[in-house]
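In what follows, a structure is listed as structure tokens, so that the remarks can point back to it.
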Amino acid sequence: MHFDYKIWRPMVCASLVALSATLAHADSYSLENAVTTAQRQDPWVQGSLKRQESLDALSVEAGSLPDPSVSLGVANLPIDTFDFSQEGMTQFKVGVSQMFPRGKTLSLKREKLQKLSEMQPYARADRNAQVAVTVAQLWLDTYRSEQTIYLIEQDRGLFEHLVDVAQSSYTTASGRTRQQDLVRAQLELTRLDDRLTRLYQQRDMSLAKLGEWLGDPVITLSENENSESLIELKAPGLIKERDRSTKLRQLSEILSRHPKIKRIDQKINAFDSGVKLAKQSYKPQWGVNASYGYRDQTPMGDDRSDFFSVGVSFDVPLFTGKRQDKKVQSANAELEAVKTERALVLRQLKAGYDSAEAMYLRLVERKFLFDSRLLKEMAEQAEASLSAYTNDDGDFAEVVRARIAELNARIEALHVDIDMQKNIAQLNYFQAGTPSTKESSRAAL
């Protein structure tokens, strides 16, 4: 079955017009607005706030004394008569006892939970930085598709003109156009249409993923964006630094302020309190008890004195080898494990930054090459091949190839610009603890 795209193209165009009408009523988002909206509507942040609230409440509970115990009873009641006034030692007793945890156990439990609670702001800052990278990359993927569509649509008219020229030259036999040239020109035009369809598909998929983060199923991107200045690079001086030792020192300082590292530092502080808490097990646990004993009158009607008792109890940790010592050993091991986690995360962050920086520097080189030479040379080649063909000194297939190569070069230059922006977003994640120039200016004001 032969597929004639000319028949189906009006239907495809009608579908795209209907889609455009739908998008016309959609909310429009700039890159900055999309990131801000996604961060504000991230349900993970609300979960983090609730976890912090839970830990704050637990810290108050952990720092409180245990509830006192109250006892009620009858002591020394004769079982032959069950007469409360028969014996002098028979009494109704009310007692209260209160236990006091070992050493500074209460304050250290409260301190540990408070420090665990203070991890959550750093976790939220890291999450916001991750969301910024994810949303920026989705936005830029959508932007890449839209701008590529724009470039192809711009050149589609030129390719249609080439088809018309080839058709005219072939039918009039006024030139050297062959049937295969006409077929080639029509084929390339059809390939452009297929390429456009795939780009629309990629754009729609990226928009759908972006809409998930924004909580909006129908969105569009703001127009008039400059792809070369969408995202500001934080700490640009770090990339420009050429002295290796200075650069390593600056990078170490930047990464040490990263929210992910600050979160682990807070976790280390919490587990350090856990070690101090474990050491409290060597101290005795004290308890105070008091009771009041009521006695009835004698059978003769004389009053009997009531009794009051008070006492102190405590345990003596004598056999510490298999209990207290092991408890402290376990707490120390947990602390060292968290310190190892910090070293591992710091190593991962450094490796990620080095990789992103290497990619950024290569993209800068490619951008310079495209801007200074490649785009100009590709355009000159396309014009030269068309001029040669017009003067019956060139091949039509070469004209088509040159035009396609020029279009691909401009699309590739766009991809380099977008990849640079995505790479800057990634670099900014590693510098999440460093305020940008804009943020510093706002702080100064």
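Inside the range 285-308, residues that are in a strand (DSSP E or B) and in contact (Cβ under 8 Å) with a residue 60 or more places away in the chain make up a count of 10. The set of residues in the range 399-438 that are more than 30 Å from Glu377 (Cβ to Cβ) and within 16 Å of the chain's Cα centre (by Cα) comprises Ala425, Gln426, Leu427, Asn428, Tyr429, Phe430, Gln431, Ala432, Gly433. Annotation note: Cβ proximity below 7 Å between a residue of the range 144-162 that is at pLDDT 85 or above and a residue that is not in a helix (DSSP H, G or I) (sequence gap 6+ or interchain) occurs for Glu146/Leu221; Gln147/Ser227. Being under 30 Å from Arg347 (Cβ atoms), small (Gly, Ala, Ser), surrounded by 12 or more Cβ atoms within 10 Å (Cβ to Cβ) and touching a helix residue (DSSP H, G or I) at 6+ places or on another chain (Cβ under 7 Å) is not true of Ser206. Is it the case that the range 309-328 has a residue that's within 37 Å of the chain's Cα centre (by Cα) and either surrounded by 12 or more Cβ atoms within 10 Å (Cβ to Cβ) or over 30 Å from Val94 (Cβ atoms) (or both)? Taking every residue of the range 309-328 in turn, at least one turns out to be within 37 Å of the chain's Cα centre (by Cα) and either surrounded by 12 or more Cβ atoms within 10 Å (Cβ to Cβ) or over 30 Å from Val94 (Cβ atoms) (or both). Would you be able to say whether some residue in the range 345-353 is part of a loop (DSSP other than H, G, I, E, B), among the hydroxyl-bearing types (Ser, Thr, Tyr), buried (at least 16 other Cβ atoms within 10 Å of the Cβ) and within 22 Å of the chain's Cα centre (by Cα)? Within the range 345-353, not a single residue is part of a loop (DSSP other than H, G, I, E, B), among the hydroxyl-bearing types (Ser, Thr, Tyr), buried (at least 16 other Cβ atoms within 10 Å of the Cβ) and within 22 Å of the chain's Cα centre (by Cα).
Could you tell me which numbered condition Tyr360 fails, if it satisfies all but one of (1) under 32 Å from the mean Cα position of the chain (by Cα); (2) closer than 30 Å to Lys283 by Cα; (3) surrounded by 17 or more Cβ atoms within 10 Å (Cβ to Cβ)? Tyr360 satisfies every listed condition except (2). Only one of the numbered conditions (1) exposed (fewer than 14 other Cβ atoms within 10 Å of the Cβ); (2) more than 23 Å from Leu255 (Cα to Cα); (3) modelled with pLDDT of 90 or more is violated by Thr340, and that is (2). When the residues of the range 202-219 are filtered to those that are in contact with a Phe, Trp or Tyr (Cβ under 9 Å, 6 or more places away or on another chain) and not in a helix (DSSP H, G or I), the one that is modelled with the lowest pLDDT is Asp216.
If the condition is being closer than 13 Å to His258 by Cα and among the acidic types (Asp, Glu), then the range 115-142 contributes only Asp126.
For the range 74-127, a tally of residues being more than 24 Å from the chain's Cα centre (by Cα), hydrophobic (A, V, I, L, M, F, W, C) and open to solvent by 30 Å² or more (accessible area, probe 1.4 Å) returns 13.
Considering the range 415-434 alone, what residues qualify as being of a type in the set (S, T, N, Q), in a helix (DSSP H, G or I) and within 15 Å of Gly237 (Cβ to Cβ)?
Residue satisfying the conditions is Asn428 alone.
Taken over the range 284-321, residues that are closer than 15 Å to Ala75 by Cα and of a type in the set (Asp, Glu) amount to 2.
Total residues in the range 34-73 satisfying the condition of being open to solvent by 70 Å² or more (accessible area, probe 1.4 Å), over 30 Å from Lys104 (Cβ atoms) and not in a helix (DSSP H, G or I): the figure is 2.
Within the range 220-259, the set of residues being farther than 17 Å from Ala358 by Cβ, modelled with pLDDT of 85 or more and open to solvent by 60 Å² or more (accessible area, probe 1.4 Å) comprises Glu232, Asp243, Ser245, Arg249, Ser252, Glu253, Arg257.
The values are calculated or read from the model by the stated rules, or taken from the named source; none is laboratory data. Here the structure is a predicted model, which is why all the values come from computation and not from measurement. Here Cβ is always computed from backbone atoms with ideal geometry, including for glycine, and neighbour counts include all displayed protein chains. Only protein heavy atoms, including side chains, enter the accessible area calculation; ligands, DNA and RNA are left aside. Shrake-Rupley method; radii C 1.70, N 1.55, O 1.52, S 1.80 Å.
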